[in-house]
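K.L.:
Here's a structure for you.
Every read-out reported here was derived from the displayed coordinates using simple, explicitly stated rules and does not represent laboratory data. Here the structure is a predicted model, which is why all the values come from computation and not from measurement. Cβ placement follows ideal geometry from the backbone for every residue including glycine, while neighbour counts extend to all protein chains displayed.
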Amino acid sequence: MRDNHQSWGSYPKAYPQHVHPIRWRHEALPQTERTTSVLPYGNGRSYGDSCQNNGATLLTTHSLRRFISFDHDTGVLRCEGGVLLADILDNFVPQGWFLPVTPGTKHVSIGGAIANDVHGKNHHKAGTFGCHVRTVELLRSTGERITCSPHHHSELFRATIGGLGLTGLIVWADIQLKPITSPLIDKERIRFSGLDEFFDLSNQSNTSFEYTVGWIDCLANQQHTGRGVFIRGNHCADNAQSLTHIPRRTTLTVPFHLPSAVLHSGVIKIFNRVYYHLQPRQLTQARIPYEKFFYPLDTILHWNRLYGTRGFLQYQCVIPSRYEREGIRDLLSVIQQSQQGSFLAVIKTFGAIQSPGLLSFPKPGTTLALDFPFFGEQTLTLLTKLDSLVRETGGAVYPAKDAHMSSEDFQAYFPAWHKIEQLRDPKFSSSFWRRVTRLNTTPQHSTKSESYSLATEKEQAFAHHSLFNNMNQA
Ligand SMILES: Cc1cc2nc3c(=O)[nH]c(=O)nc-3n(C[C@H](O)[C@H](O)[C@H](O)COP(=O)(O)OP(=O)(O)OC[C@H]3O[C@@H](n4cnc5c(N)ncnc54)[C@H](O)[C@@H]3O)c2cc1C
């Protein structure tokens with residue numbers, strides 16, 4: 001659970017008027033006044049405003065965290081929407097079952113994983129999380145409970161996968177787990193000197209490796225553009241390894257927000273260069289615990305504080321296959337010119353497995369994800385430039401990470417948004433949805449205070465001030 005229900009990027013700041021915990025799966029939704037909207041809140045691991053409902057109500061689900069049933073023959077788990085991926089791993093890896101798809105943190109709820117239709121390093125083999133969801137129970141604001149699946153209420157099911165929490169509260173879901181024989185991953189690392197090498201490695205690896213991803217030095221330019229490290233792995237097939245022997249990893253905590261001087265582009269450039277040169281030139285192999293492979297960032301609690309009190313924006317886009325080489329090169333060139341860099345630039349090719357989700361983000365092509373410390377106008381200007389490049393290629397920007405895209409860009413990236421709007425529960429809304437659709441689903445007393453589209457911190461501070469004024473007057 002995040003302090004004050006901010007999102008992971010701490011930008012934009014949002015202030016829900018009410019926070020209502022949902023504790024039991026048979027519980028009704030709170031009665032809301034006519035103009036107030038509600039939004040489910042999982043574990044706040046979305047970076048931008050898709051998990052925020054500024055001035056309105058958040059339905060927190062951290063108590064909705066029980067396993068309901070498990071079929072040992074088929075591997076189908078029924079669990080409540082607030083169950084974390086970490087809970088599933090802790091309980092089911094020792095029994096020989098793993099998540100079908102996992103994002104880069106295990107501190108994500110089932111509701112959040114479905115609502116953002118998250119993807120992982122195995123997208124080319126397994127598609128998105130939504131491809132492995134068998135059934136969902138939705139609680140609508142009318143009190144109606146709808147059990148939906150690919151065969152039953154299928155349009156509502158498709159709208160709920162990647163539906164950003166807008167179709168109702170996911171009370172429980174059936175998830176297909178996958179069998180494993182070991183908690184270990186056979187991992188390989190290969191340094192590459194540029195983007196062409198990355199694409200070659202990706203093409204070679206995607207048939208024989210279940211998990212593939214690259215880290216790139218986004219500030220290296222000219223002949224070094226796109227240099228980085230390619231990481232690939234498979235579940236260890238050696239069943240002599242005990243499933244219960246899972247070494248615990250020590251965790252460190254970032255105790256306070258770091259000063260913004262540390263985030264200067266010069267510091268980031270040196271860090272990236274040193275990190276790249278520390279990688280061995282030759283292929284290296286290792287057998288490592290799954291946690292070390294999938295969740296390196298989870299060992300540093302509150303690592304988002306490294307970005308200071310102003311927060312940061314993560315930018316993740318996908319460029320369709322036919323433009324991926326030049327598209328990614330153009331994006332990197334714009335980032336280099338802006339001199340705003342990222343410690344962690346992740347690159348991965350998505351496969352062709354189609355998600356059932358109407359608003360799902362992945363499509364065949366290449367995805368690039370970067371963190372930008374928030375430096376006000378200059379950061380937002382950079383993102384606008386990146387957005388238009390992505391739009392020219394027919395790509396998309398990931399709503400789970402976004403705090404900035406314009407409604408025009410969103411509607412171009414996701415033409416199916418109209419269908420979500422038709423199936424949206426009229427009482428459900430989010431800061432993100434109001435921003436990108438410009439529909440007035442906002443509670444009337446807080447419309448002036450929506451702070452997410454404002455460019456400067458000064459304006460945000462003003463918006464925050466007006467929010468409290470408006471709330472006092474309401
Ligand atoms: C370090 C890190 C690494 C990440 N790596 C990846 C990655 O590799 N791939 C990827 O796809 N994403 C990744 N993410 C993003 C993250 O997986 C998603 O944002 C995820 O949806 C967060 O889940 P959450 O439980 O925190 O939900 P929240 O962020 O709280 O909410 C996300 C959305 O889910 C909705 N929601 C939550 N619970 C319910 C419910 N019970 N019913 C209906 N709607 C609900 C909310 O309304 C909101 O729209 C990463 C995030 C971090 C911090």
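K.L.:
May I ask you to sort Val93, Val436 by Cβ crowding, counting other Cβ atoms within 10 Å and putting the fewest first?
P.N.:
Details: Val93 21, Val436 26.
Exposure proxy ranking, most exposed first: Val93, Val436.
K.L.:
Given an 8 Å cut-off on Cα distances and at least 6 residues of separation, report the relative contact order of the chain as a percent.
P.N.:
Values: 1085 pairs, mean separation 90.0, N = 474.
This gives 19 percent for the chain.
K.L.:
Still on this model: Past the 31 Å Cα-Cα mark, which pairs from Lys13/Lys106; Lys187/Lys419; Lys348/Lys427; Lys292/Lys419?
P.N.:
Values: Lys13/Lys106 24 Å; Lys187/Lys419 41 Å; Lys348/Lys427 37 Å; Lys292/Lys419 40 Å.
Check vs 31 Å cut-off fails for Lys187/Lys419; Lys348/Lys427; Lys292/Lys419.
K.L.:
Normalised radius of gyration for the stretch 47-115, please: alpha carbon Rg relative to 2.2 N^0.38 Å, two decimal places.
P.N.:
Values: Rg = 13.7 Å, N = 69, 2.2 N^0.38 = 11.0 Å.
Normalised Rg, Cα atoms only: 1.24.
K.L.:
Next question, about the same structure. Fewest to most neighbouring Cβ within 10 Å: what's the order for Glu137, Glu408, Glu144?
P.N.:
Values: Glu137 19, Glu408 13, Glu144 10.
Result, fewest neighbours first: Glu144, Glu408, Glu137.
K.L.:
For Trp172, what residues show an amide H to amide H distance below 5 Å, using hydrogens built from the backbone and excluding near sequence neighbours?
P.N.:
When sequence neighbours closer than 5 places are left aside, the close amide H contacts are Gly81, Glu137.
K.L.:
Tell me, what is the Rg over Rh of the stretch 184-406, with Rh the Kirkwood radius over Cα pairs?
P.N.:
Working: Rg = 18.0 Å, Rh = 18.6 Å.
On the Cα set of the stretch 184-406, Rg over Rh gives 0.96.
K.L.:
Could you quote the convex hull projected area for the chain, Cα atoms only and averaged over all directions, in nm²?
P.N.:
21.0
K.L.:
Another question about this same structure. Under a crude label model (7 Å from the Cα following the beta-carbon direction), how far is Asp90 from Arg145 in nanometres?
P.N.:
2.6
K.L.:
Once you treat every alpha carbon in the stretch 185-239 as an equal point and sum by Debye, what is log10 I(q)/I(0) at q = 0.15, 0.18, 0.24, 0.26 Å⁻¹?
P.N.:
-0.43, -0.57, -0.86, -0.95
K.L.:
Between Glu188 and Glu392, what is the spin-label point distance in nm, taking each point 7 Å from the Cα along the Cα→C-beta axis?
P.N.:
3.6
K.L.:
Would you mind ranking Thr105, Thr207, Thr366 by Cβ crowding within 10 Å, fewest neighbours first? Could you put the intermediate results ahead of the total?
P.N.:
Details: Thr105 19, Thr207 8, Thr366 24.
In increasing order of surrounding Cβ atoms, one gets Thr207, Thr105, Thr366.
K.L.:
When the gyration tensor of the stretch 91-186 is built from Cα positions, what are the square roots of 5 times its three eigenvalues, in whole Å, from largest to smallest? All intermediate terms of the calculation are to be shown ahead of the outcome.
P.N.:
On the way: eigenvalues 136, 34, 29 Å².
Ellipsoid semi-axes (Å, largest first): 26, 13, 12.
K.L.:
Determine, from the Cβ-Cβ distance of Lys178 and Gln337 and an R0 of 41 Å, the FRET efficiency 1/(1 + (r/R0)^6), rounded to the nearest 0.05.
P.N.:
Working: r = 43 Å, r/R0 = 1.05.
After rounding, the FRET efficiency stands at 0.40.
K.L.:
Using only the alpha-carbon atoms of the stretch 162-203, report the extent along each of the three principal axes, biggest first, to the nearest angstrom.
P.N.:
For the stretch 162-203, the Cα spread along each principal axis is 47, 32, 14 Å.
K.L.:
Moving to a separate point now. Which of the aspartates and glutamates could a cross-linker bridge to Lys178, judged by Cα under 20 Å and excluding same-chain residues fewer than eight apart?
P.N.:
Excluding near neighbours in sequence, the set is Asp71, Asp73, Glu80, Asp87, Asp90, Asp117, Asp186, Glu210, Asp238, Glu291.
K.L.:
Relative contact order of the stretch 184-406, please, whole-number percent, based on alpha carbon pairs below 8 angstrom and at least 6 residues apart.
P.N.:
Values: 392 pairs, mean separation 55.7, N = 223.
So the answer I get is 25 percent.
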